[in-house]
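*Asks:* Could you have a look at this structure, given as structure tokens, before my questions?
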Amino acid sequence: MAARMKGEARRSQILDIALSIVHTKGIHSLTLREIADRAGISEAALFRHFKSKEDIVDSLASMVFEENQFFPRGEGPWEALENMLTWQLENFQKNPTHTSVLFQEDIFREFPPVKERFDLRRSSRSSLIAQLIREGKRSGAFSPEVDEEAFSLLFMGGLRLAVMEWRHANFSYDLREKAPPLLRTLKKCLEVEG
């Protein structure tokens, strides 16, 4: 058996192990037995920290969602959008395992409460992007012709596709290299015709 760990440290270890299993083997391979074996504890000991497998997955999703929460910063709307995309790519580069939670439909099918929270997060991110576009249009920095919802789809879809391609390439290149061409293209969509 593993050395005795305090509650929060053990809970964190269990979540890290669960994330590793989901990342390397997929959500269908996540079992209480596998987690307990890797942690060097009994399955019963898992229940001191979590109520069920669903509780582990929910806590894992919460951890990943929290660590991927972006708060806009920048001189203006374009800088905030630029910072958002750059920050997200940098964060995934540092934490590729997070993509196993955020970009795996099986988790959402198997655990509807996680999907609900993900949908809320996606909606919130889309609303933030739309708000930044409206600010840019009001200030004259962005073309008045830009549709906020369409731009949000382009922004989020471009980010998602970049990450999915990176995952399919087994994280074999620096994801941050995708930022400059994505940003150039997105900026072109916003430009005021002169």
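*Asks:* From the list (i) 16.3; (ii) 17.6; (iii) 18.5, can you say which value of Kirkwood radius over Cα pairs in Å was derived from the structure given?
*Replies:* Only one listed value fits the structure, namely (iii).
*Asks:* Is there a pair in K137/K187; K53/K94; K25/K51; K51/K94; K53/K115 whose C-alpha atoms are over 21 Å apart, and which pairs would that be?
*Replies:* K53/K94; K25/K51; K51/K94, as the Cα separations exceed 21 Å there.
*Asks:* If you don't mind, another one. Expressed in nm to one decimal, what extension gain is obtained for the pair S62 and R38 from 0.36 nm per residue of sequence separation less their Cα-Cα distance?
*Replies:* Separation in residues times 0.36 nm, less the Cα-Cα distance, equals 6.5 nm.
*Asks:* Further, regarding this structure: For the chain, find the longest principal axis of its Cα atoms and tell me its angle to the long axis of helix 148-168, 0 to 90°, nearest 10.
*Replies:* 50 degrees
*Asks:* Using a basic spin-label model with each label point 7 Å from the Cα along Cα→Cβ, how many nm lie between R138 and N91?
*Replies:* So the label points at R138 and N91 sit 2.5 nm apart.
*Asks:* Keeping all protein chains in the complex and leaving out DNA, RNA and ligands, what accessible area do you get for K188 with a 1.4 Å probe, in Å² to the nearest 10?
*Replies:* Spelled out: K188, probe radius 1.4 Å, area about 140 Å².
*Asks:* Further, regarding this structure: Roll a 1.4 Å probe over the protein chains and send me the accessible area per residue for the stretch 93-194 in Å².
*Replies:* 58 Å²
*Asks:* Right, here's the next one. Got a number for carbon plus sulfur as a percent of the chain's accessible area, 1.4 Å probe?
*Replies:* In the chain, the share of accessible area belonging to carbon and sulfur is 51 percent.
*Asks:* Points 7 angstrom from Cα along the Cβ direction at E177 and E149: gap in nanometres?
*Replies:* If labels sit at E177 and E149, their model points lie 3.7 nm apart.
*Asks:* Taking 0.36 nm per intervening residue step and subtracting the Cα-Cα distance, what contour gain separates T24 from R73 on full extension?
*Replies:* 14.2 nm
*Asks:* Kindly provide the helix-only [θ] at 222 nm of the chain, computed as the sum of -39,500 (n - 2.57) over DSSP H runs of four or more divided by all residues, to the nearest 500 deg cm²/dmol?
*Replies:* -22500 deg cm²/dmol
*Asks:* Now for a different question. Between 0 and 90 degrees, rounded to the nearest ten: what's the tilt of helix 112-139 against the longest Cα principal axis of the chain?
*Replies:* Orientation of helix 112-139: about 20 degrees from the principal axis.
The values are calculated or read from the model by the stated rules, or taken from the named source; none is laboratory data. Keep in mind the model is a prediction, meaning the values are calculated, not measured. Here Cβ is always computed from backbone atoms with ideal geometry, including for glycine, and neighbour counts include all displayed protein chains. These accessible areas exclude ligands, DNA and RNA; they are computed on the full protein's heavy atoms, side chains included. Shrake-Rupley method; radii C 1.70, N 1.55, O 1.52, S 1.80 Å.
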